[in-house]
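The values are calculated or read from the model by the stated rules, or taken from the named source; none is laboratory data. As the structure is a prediction and not an experimental result, all values here were calculated from the model. Note: ideal-geometry Cβ built from the backbone for every residue, glycine included; neighbour counts use all protein chains shown.
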Amino acid sequence: MNFHLENNNNINTTNLIDNLANLGLKQLITSPTHTAGHTLNPIFSASSHVSFSHTTELPWTDHRCIHFSFQKPVSHHFTTKPPSRYWNRISTEQLISTLTQDLPPKIQDPSTAATYLHKWIEDCTNTLAPLKQSSNTHHRPKASWFTPDLQASKRDCRRLVRTWRLAPTESNHTALKTAIRKHHQLIRTTKRTYYKS
C-alpha cells in the first residue's frame, strides 16, 4: 500500500500518523524532498527538540538537502573532568629515588606478595604523581540579571543565524535582524527592571 503522507485528507495517512504518534513518533517532512518519483521521504523523530526547517535543491541529484532545527535546553550542570596524574613532571632522578628507597621484600606466598606489590606501586605512584582533580574554570558565571527569557531569545537568534547562513535569503535576513533587535530591547528592559528592584 502506498501512503501519501503529504495528503492529510487520506484516511490511511491519518491512521498511520496517529498510530506512530501513539508510539511517540512525529513525521517531520512537510515539503517535497525529491524533484521526481516519490517526492516525499518521511522522516520520523521521537524528540520534541527537532523540527523541520526547509529543503534546498542540489545540483547533482534529484534529491533535496533537508535542513532541521534542533533546540535542546542548555544544561547548567557541568560535569567535572576525571582526576588525572601529571606523569610528564616526574624526573628520572625522582623515579629512581622513589623506586629504590623502599624495595619490596622477598615474600614466599604469591598472594601476599601480589597484595604488597600492588600497595607498594600505588604508594610510589601517589608520591610521584598524585591525583589532581581538574575543575571547569572556563564556564563564566551567569550574570545575575540574565533570565531564562533572555536565554531563549539568545538561542533563537543563534538559530536564525544558522538558518540565514544556510539559506541567505532576504526573508531570513529580515527575520534575523528583527530577532536581534528584539533581543537587545529585551536585554535593556530586563536590566532596567533588575536594577530598579
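Has segment 111-122 got any residue that is modelled with pLDDT of 85 or more, in a helix (DSSP H, G or I), closer than 30 Å to Ile66 by Cα and of a type in the set (Lys, Arg)?
The answer is no, given that none of the residues of segment 111-122 is modelled with pLDDT of 85 or more, in a helix (DSSP H, G or I), closer than 30 Å to Ile66 by Cα and of a type in the set (Lys, Arg).
Arg188 passes all but one of (1) exposed (fewer than 11 other Cβ atoms within 10 Å of the Cβ); (2) within 25 Å of the chain's Cα centre (by Cα); (3) at pLDDT 85 or above; which number fails?
Failed condition: (2).
Could you list, in sequence order, all residues of segment 164-180 that are free of Cβ contacts under 8 Å to residues at least 60 places away in the same chain and surrounded by 11 or more Cβ atoms within 10 Å (Cβ to Cβ)?
Taking segment 164-180 and keeping what is free of Cβ contacts under 8 Å to residues at least 60 places away in the same chain, we get 164-165, 168-180.
Listed by number, the residues that qualify are Trp164, Thr169, Asn172, His173, Thr174, Ala175, Leu176, Lys177, Thr178, Ala179, Ile180.
Could you tell me whether any residue of segment 5-20 is modelled with pLDDT under 75, in contact with a strand residue (DSSP E or B) (Cβ under 8 Å, 6 or more places away or on another chain) and surrounded by 13 or more Cβ atoms within 10 Å (Cβ to Cβ)?
Yes, that holds for at least one residue.
Looking at (1) under 30 Å from Arg89 (Cα atoms); (2) at pLDDT 85 or above; (3) not in a helix (DSSP H, G or I), which is the one condition that is false for Pro168?
So the condition that Pro168 fails would be (1).
Among all residue pairs at least 6 apart or on different chains, which show Cβ distances below 9 Å where the first residue, located in segment 24-35, is in contact (Cβ under 8 Å) with a residue 40 or more places away in the chain and under 16 Å from Thr13 (Cβ atoms) and the second is charged (D, E, K, R) and surrounded by fewer than 14 Cβ atoms within 10 Å (Cβ to Cβ)?
Note: no pairs meet the criteria.
If Asn41 satisfies every condition in (1) at pLDDT below 70; (2) loosely packed, with under 10 Cβ neighbours inside 10 Å; (3) over 30 Å from Pro148 (Cβ atoms); (4) under 28 Å from the mean Cα position of the chain (by Cα) but one, which is the exception?
Going through (1) at pLDDT below 70; (2) loosely packed, with under 10 Cβ neighbours inside 10 Å; (3) over 30 Å from Pro148 (Cβ atoms); (4) under 28 Å from the mean Cα position of the chain (by Cα) one by one, Asn41 breaks only (2).
Listed residues Asp149, Asp156; which is surrounded by 14 or more Cβ atoms within 10 Å (Cβ to Cβ) and part of a helix (DSSP H, G or I)? Spell out the reasoning first.
Details: Asp149 fails: surrounded by 14 or more Cβ atoms within 10 Å (Cβ to Cβ).
Checking each option against the conditions leaves just Asp156.
Does segment 94-102 contain any residue that is of a type outside the set (S, T, N, Q), more than 30 Å from Phe70 (Cβ to Cβ) and surrounded by 12 or more Cβ atoms within 10 Å (Cβ to Cβ)?
Yes, that holds for at least one residue.
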